[in-house]
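Heads up, the thing below is written out as structure tokens.
The values are calculated or read from the model by the stated rules, or taken from the named source; none is laboratory data. No experiment lies behind these values; they were computed from the predicted model shown. Heads up, the Cβs are rebuilt from the backbone with ideal geometry, glycines too, and the neighbour counts pull from every protein chain shown. For accessibility, only protein heavy atoms count, side chains too; no ligands or nucleic acids. Shrake-Rupley method; radii C 1.70, N 1.55, O 1.52, S 1.80 Å.
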Amino acid sequence: MTKKNIILFGIGAVLGSTALIFVLRKVLVKYKVVSLAKKEWKGWGEPTIDINGNQTSKGGFEADDGYSERVGRYWKEGTGQNLDGDDREVPWSATFISWLYKKAGAGNKFVYNPSHSKYITDSIANRKNGKPNAPFVGYKLNEYSPKVGDMVCYARQNGISYDTTGSYKSHCDIVVSTKGNQIEVIGGNVNQSVTKKILRTDSKGRLIDDNYKWFTVIKNNI
């Protein structure tokens, strides 16, 4: 091998390693969110809602000792607020999502906020503005099949749709598993806990669960 070839080989090896590290970082953010969500769910005692919308197992309660402090960590580290599980009148589900992305290293690619509607509308705007490679892209239910690491979102008030803008009451869960005609999702402040739901999908993997007012699937590109 000539000296020139050795130099070229070395440059290629460096570039290849850099590209590999970039790809791994891109994948790790998405899957670290999933790993963290599963870990928190287990820490709360694995509360679960089955495919028919029935709670089959219960776990910790937001205001109980240990769990209240856990919620306080989500608030402080996720959205920088001095609240905990004893502040029961303040929903913490969006703060839980924010905490997951911050801990997973999403950096400035996620809209950290105690209201889900902030990052939902941002993600949907990316879809409408033709930005399919943006960090988060919100699709209609019939446009995209949720994958592990994505989010699925439903309205918690009447009159909310995919095209609604501004602030509104909503909820999002992280997709942690897909199998057959169902997906498993984990979210915070679901029955005052971190809870897993099992949801129906059709033969194409599209979300068809009717236990909640689902209106968008947010694709996670990070």
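Below, the figures for the structure above:
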read-out: Asn191 vs. criteria out of contact with any Leu (no Cβ under 8 Å at 6 or more places or on another chain), surrounded by fewer than 16 Cβ atoms within 10 Å (Cβ to Cβ), under 22 Å from Pro47 (Cβ atoms) and not charged (D, E, K, R); value: yes
read-out: Scope the range 80-104; condition in a helix (DSSP H, G or I) and either farther than 14 Å from Gly188 by Cα or open to solvent by 40 Å² or more (accessible area, probe 1.4 Å) (or both); matching residues; value: Lys102, Lys103, Ala104
read-out: Where Lys131 falls short, out of the listed (1) open to solvent by less than 10 Å² (accessible area, probe 1.4 Å); (2) free of Cβ contacts under 8 Å to residues at least 24 places away in the same chain; value: (1)
read-out: Criterion: of a type outside the set (A, V, I, L, M), over 15 Å from the mean Cα position of the chain (by Cα) and surrounded by 14 or more Cβ atoms within 10 Å (Cβ to Cβ) - qualifying residue of Ser115, Ser68, Ser123; value: Ser68
read-out: Only listed residue being under 14 Å from the mean Cα position of the chain (by Cα), farther than 30 Å from Asp64 by Cβ and surrounded by fewer than 18 Cβ atoms within 10 Å (Cβ to Cβ), chosen from Val148, Val137; value: Val148
read-out: Some residue of the range 20-41 being open to solvent by 80 Å² or more (accessible area, probe 1.4 Å), modelled with pLDDT of 90 or more, hydroxyl-bearing (Ser, Thr, Tyr) and closer than 20 Å to Val175 by Cβ; value: yes
